[in-house]
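The values are calculated or read from the model by the stated rules, or taken from the named source; none is laboratory data. Everything numeric here is computed off the predicted structure, so don't read it as measured data. Ideal geometry is used to build each Cβ from the backbone, glycine not excepted, and the neighbour counts take in all protein chains shown.
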Amino acid sequence: MESMNNHNIDDGKEQIVAVRKNDDGDLIAFKTNTGRELDYLTALEEAKAGNLANIDVFHKYGRDIIRSEPDGIKDNNLDQLPEF
């Protein structure tokens, strides 16, 4: 039986499971649990539309930024996910 606190299941929304970084270490693309690869702008639009689980969009440095929801667990932060 699955736990009700399982962060991998969120009303059928896609979960980001891997990231791609540029040479500076900035996130530039994301892979979801369905295998879709999203560039940053596409992922930003998906997040704004509420289609990505456990992802927040906030405004910083004069632009919108994608980040994982703050839940106190470092292992699921976007920077900590495996690269693809």
_Enumeration of residues in the stretch 70-82 that are loosely packed, with under 10 Cβ neighbours inside 10 Å and either in contact with a strand residue (DSSP E or B) (Cβ under 9 Å, 6 or more places away or on another chain) or outside any loop (DSSP other than H, G, I, E, B) (or both)_ = PRO70, LYS74, ASP75, PRO82
*Return the pairs, sorted by first residue and then second, in which the second residue is in a helix (DSSP H, G or I), the first residue lies in the stretch 71-84 and is modelled with pLDDT under 80, the beta carbons are less than 9 Å apart, and the residues are 6+ apart or on different chains.*
LYS74/GLN80
*Kindly indicate whether any position in the stretch 22-38 is within 14 Å of GLU69 (Cα to Cα), touching a Ser or Thr at 6+ places or on another chain (Cβ under 9 Å) and at pLDDT 95 or above.*
no
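For residues in the stretch 59-69 being at pLDDT 90 or above and of a type outside the set (Lys, Arg), which is surrounded by the most Cβ atoms within 10 Å (Cβ to Cβ)?
ILE66
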*Any pair with Cβ under 6 angstrom, 6 or more apart, that starts in the stretch 26-45 at a residue that is closer than 11 Å to PHE84 by Cβ and ends at one that is in a loop (DSSP other than H, G, I, E, B)*: LYS31/PHE84
